[in-house]
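Peer 1: One structure coming up, written as structure tokens, with questions to follow.
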Amino acid sequence: MTSSERSQGRRGAPKPWAVITAAVFVLATTLALAWPAGGLEEAEVEVPRRRLGEVSAGHRFTIVPAKVSLLAVDPAPAFGDAKPGRFLAVELRVENIGHDTATVRDLAQDLHLTVSPSGATIDRFKDMSAAGVIRDGAHTRDQLHPRLKERVLLVYTVPRPLPDPTHLKITMRDSEYKEGFDSELSRWRPGEDVVIYDLEVGR
Amino acid sequence: MTWRRQLAYGLGLLVLVPAVIAAAVLPWREKYEVRSGKGGREVVASQGRAATLDGVEWRLKSITEGRLQEEFSRPLPPRTKIAVVVVSATPRDARASAWFARETGSCKIYAADGAGRVWERSFRTDLAPDSPHAVSCQVLDEDYTLAPVPVGKEHTIQAEYVVPADAFSDLRVEVRLSPDRATVRLAP
Amino acid sequence: MRRTLVAAAVAAALFAANVAVQRATPSPDQRYAPIASRGGTGHQVDTTTFQLRVDRVQPARTIRMTDPYGLVREPRSTPGIWVVVSATVAATTETFQAQGARLRTRAGLEYEASSVLDTLDKVTLQPGIPVYGPLLFEIPARDLAGAVLSVTRHADGAGGLDVLGPAVEVDLGLSDAYASRLLKEMPSSLTVGQVREL
């Protein structure tokens with residue numbers, strides 16, 4: 001091809017090979033981007049709703065809420081005698097289905113709590129007063145080893161202006177072991193919501 | 001392809017390959033130094049002489065053998081000795097004087113031997129009698145706030161170590177300063 | 001025509017080679033993982049930072065810890081079994097803490113050492129002063145066979161990953177037959193001794 005031919009080709013209609021290449025490129029790029037994201041189907045947005053005693057599984061934990069109660073005395077005081085107050089105690093059966101040891105704190109980080117009738121959110125860090133595995137009559141252990149089923153107690157204080165909660169909504173967010181924006185090294189990172197539990201608060 | 005052009009490609013490769021390797025390795029060097037505590041500036045002094053770093057004069061005052069202070073103390077590990085180290089730091093200018101009152105950064109004093117082994121200070125309180133020396137580079141005034149050391153005033157620090165008996169006769173001192181990334185090595 | 005065929009074959013071969021290289025490329029987790037020295041029980045395994053020898057492996061249903069005053073504490077239970085690995089560790093040049101002690105099962109699950117006080121992984125080791133003591137793990141009984149002990153400096157996963165740091169991996173020699181014999185003869189309670197400087 002001489003240079004005059006080339007410039008003519010540029011000015012005229014696009015050659016068939018260029019059209020085909022462009023079409024293949026667009027198609028391949030779309031597929032390459034859409035495939036890992038779960039295909040071209042519309043993503044599912046509906047989060048299942050469950051009740052007390054029903055099991056739910058994410059990538060790291062399976063949980064079964066066993067008991068929710070509002071207590072007037074701290075059931076798991078860190079030091080000394082139990083102080084009076086309003087304590088929301090959530091007992092769960094938990095299995096770590098991930099590949100490595102996790103902690104009760106890791107689990108608590110995945111659970112978002114809303115109480116009714118106020119509709120207020122319980123701060124999962126600030127309002128937490130205790131979190132531990134129930135074993136040998138204590139709640140001090142923190143580790144959740146893979147494939148070992150444990151009973152876990154999470155205790156939250158109910159913030160002062162809120163009325164006594166009668167219902168608790170727990171949304172469990174998934175954790176996935178993958179690389180992230182901050183580092184290409186894999187670790188457990190927050191994923192999608194797995195389940196919403198509608199629970200009655202006992203006394 | 002003419003030989004001239006081949007030569008150009010060859011020379012280009014000769015420059016590019018080391019450049020690419022350097023670009024990949026050099027950013028790691030600093031990370032490695034920060035992580036490992038190696039690298040950075042170093043000043044060395046021995047036989048009671050002072051090592052000066054950023055206007056602070058460092059001097060090894062003494063390394064003596066200590067003994068357990070209480071009769072019913074937890075015994076020492078077998079074949080070990082207590083080393084009581086006293087180091088002094090004297091600011092020689094205003095900037096060095098203010099360095100003692102800084103709120104961030106650390107100054108850690110280690111015992112080391114000729115074989116390159118390094119020991120951290122012991123937190124046991126029964127290894128030496130109460131001393132008039134400070135325990136760290138920082139100085140607190142009566143209100144327990146950080147205070148500078150006046151220019152020319154000697155600030156002495158004592159630290160105790162439990163070291164293998166075979167290392168005792170060969171002990172020296174390493175002061176690692178962060179974030180300055182500097183090490184002061186003092187030998188008796 | 002022949003040239004087209006050759007070109008197509010070369011293109012296919014290059015594509016296959018490309019895929020092979022992509023597949024064979026280690027992941028970032030593998031590339032930055034600690035560098036492991038391997039060994040068996042009863043043998044000293046050396047790294048630049050520390051040396052470790054596994055002396056004994058004992059499973060138990062419950063354990064009782066001995067505190068620094070020599071008193072035996074209340075039994076501790078587990079939903080699985082306890083695995084008590086008695087080991088000797090020494091730091092070589094700098095102080096060292098075997099925080100990242102974990103048991104890896106055949107299925108690839110990683111069990112961090114249990115958060116129990118007064119165990120070997122909680123002690124700061126000084127160079128030249130070896131320490132003997134227990135490392136405690138809780139695992140399902142069926143995962144005892146084939147377990148491997150891995151020791152690094154840091155406890156966390158990739159977040160605190162000891163980039164290219166030293167690691168020791170010890171095959172605990174738990175064949176199917178040996179593991180099932182250990183489980184059959186497993187004591188209901190095992191008293192675990194203190195950490196001792198040697």
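The values are calculated or read from the model by the stated rules, or taken from the named source; none is laboratory data. For clarity, every value in this text was computed on a predicted model and none was experimentally measured. Neighbour counts run over all protein chains shown; Cβ positions are idealised from the backbone, glycine included.
Peer 1: Can you go through B:LYS108, B:LYS153 and tell me which one is within 14 Å of chain C (Cβ to nearest Cβ), of a type in the set (D, E, K, R) and either in contact (Cβ under 8 Å) with a residue 24 or more places away in the chain or in a strand (DSSP E or B) (or both)? Don't jump to the end; show me each part of the working.
Peer 2: On the way: B:LYS153 fails: within 14 Å of chain C (Cβ to nearest Cβ).
Only one candidate qualifies: B:LYS108.
Listed here are the residues, each with its yes/no results for (1) at pLDDT 95 or above; (2) more than 11 Å from the chain's Cα centre (by Cα).
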{"position": "C:LEU125", "(1), (2)": "no, yes"}
{"position": "C:TYR132", "(1), (2)": "yes, yes"}
{"position": "C:VAL151", "(1), (2)": "no, no"}
{"position": "C:VAL163", "(1), (2)": "no, yes"}
{"position": "C:TYR178", "(1), (2)": "yes, yes"}
{"position": "C:GLU197", "(1), (2)": "no, yes"}
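Peer 1: While we're looking at this one, here's another question. Which of the numbered conditions does B:ILE82 fail, given that it passes all the others? Conditions: (1) over 30 Å from C:TYR132 (Cβ atoms); (2) touching a Phe, Trp or Tyr at 6+ places or on another chain (Cβ under 9 Å).
Peer 2: It is condition (1) that B:ILE82 fails.
Peer 1: Of all residues in segment A:153-174 being crowded, with 19+ Cβ neighbours inside 10 Å and out of contact with any His (no Cβ under 9 Å at 6 or more places or on another chain), which is nearest to the other protein chains (Cβ to nearest Cβ)?
Peer 2: A:LEU154
Peer 1: Continuing with the same structure: Take C:VAL83 and decide whether it is part of a strand (DSSP E or B), within 14 Å of chain A (Cβ to nearest Cβ), β-branched (Val, Ile, Thr) and in contact with a Leu (Cβ under 9 Å, 6 or more places away or on another chain).
Peer 2: So C:VAL83 passes the test.
Peer 1: Something else: Pick from segment B:163-182 the residues that are among the small types (Gly, Ala, Ser) and assigned to a strand (DSSP E or B): which of them is farthest from the other protein chains (Cβ to nearest Cβ)?
Peer 2: Top of the filtered list is B:ALA182.
Peer 1: Right, another one. Pull up segment A:176-203, narrow it to residues that are within 12 Å of chain C (Cβ to nearest Cβ) and touching a residue at least 60 places away in the same chain (Cβ under 8 Å), then point me to the one that is farthest from A:THR103 (Cα to Cα).
Peer 2: So the residue we want is A:TYR177.
Peer 1: Moving to a separate point now. From (1) modelled with pLDDT of 95 or more; (2) not in a strand (DSSP E or B), pick out the condition that doesn't hold for C:THR88.
Peer 2: If we test C:THR88 against (1) modelled with pLDDT of 95 or more; (2) not in a strand (DSSP E or B), just (2) comes out false.
Matching residues to (1) without any contact (Cβ under 8 Å) to a residue 24 or more places away in the chain; (2) in contact with a Phe, Trp or Tyr (Cβ under 9 Å, 6 or more places away or on another chain):
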{"site": "C:ALA107", "(1), (2)": "no, no"}
{"site": "C:ALA113", "(1), (2)": "no, yes"}
{"site": "C:ASP121", "(1), (2)": "no, no"}
{"site": "C:VAL151", "(1), (2)": "no, yes"}
{"site": "C:ALA177", "(1), (2)": "yes, no"}
{"site": "C:LEU183", "(1), (2)": "no, no"}
{"site": "C:LEU190", "(1), (2)": "no, yes"}
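Peer 1: Given B:LEU127, B:LEU146, B:LEU140, which one is in the same structural domain as B:GLU70 (by TED's automatic domain parsing) and either under 13 Å from the mean Cα position of the chain (by Cα) or under 22 Å from B:PRO75 (Cβ atoms) (or both)?
Peer 2: Selected residue: B:LEU127, the only one of B:LEU127, B:LEU146, B:LEU140 that is in the same structural domain as B:GLU70 (by TED's automatic domain parsing) and either under 13 Å from the mean Cα position of the chain (by Cα) or under 22 Å from B:PRO75 (Cβ atoms) (or both).
Peer 1: Hey, can you tell me all the residues within segment C:115-128 that are under 23 Å from A:VAL133 (Cα atoms) and surrounded by fewer than 21 Cβ atoms within 10 Å (Cβ to Cβ)?
Peer 2: Correct list: C:SER115, C:VAL116, C:LEU117, C:ASP118, C:LYS122.
Peer 1: Need a quick list: strands (runs of 3 or more DSSP E) entirely within segment C:97-178 having at least 1 residues that are within 14 Å of chain B (Cβ to nearest Cβ) and closer than 30 Å to B:ASP166 by Cα.
Peer 2: Ranges flagged: C:131-139, C:166-171.
Peer 1: Return a yes/no flag: does segment B:72-81 have any residue that is of a type outside the set (A, V, I, L, M, F, W, C), touching a residue at least 60 places away in the same chain (Cβ under 8 Å) and more than 14 Å from chain C (Cβ to nearest Cβ).
Peer 2: No.
Peer 1: Yes or no: C:SER37 in contact (Cβ under 8 Å) with a residue 24 or more places away in the chain, farther than 23 Å from C:SER114 by Cα and not basic (Lys, Arg)?
Peer 2: Criteria met by C:SER37.
Peer 1: May I pose another question? Please tell me if B:GLY116 is modelled with pLDDT of 85 or more, in the same structural domain as B:LEU171 (by TED's automatic domain parsing) and on the phi > 0 side of the Ramachandran plot. Lay out the reasoning, then the answer.
Peer 2: Details: modelled with pLDDT of 85 or more: yes; in the same structural domain as B:LEU171 (by TED's automatic domain parsing): yes; on the phi > 0 side of the Ramachandran plot: yes.
Here the answer is yes, as B:GLY116 does meet what is asked.
Peer 1: Just checking: which of the strands (runs of 3 or more DSSP E) contained wholly in segment A:118-203 hold 2 or more residues that are hydroxyl-bearing (Ser, Thr, Tyr) and within 30 Å of C:PRO26 (Cα to Cα)? Show your work before the answer.
Peer 2: Working: elements: A:120-122, A:128-135, A:138-141, A:149-157, A:167-178, A:187-200.
Per the criteria, A:167-178.
Peer 1: Would you pick out the residues in segment B:19-68 that are closer than 30 Å to B:ALA165 by Cβ and in contact with a helix residue (DSSP H, G or I) (Cβ under 9 Å, 6 or more places away or on another chain)?
Peer 2: B:LYS38, B:ILE63, B:GLU65
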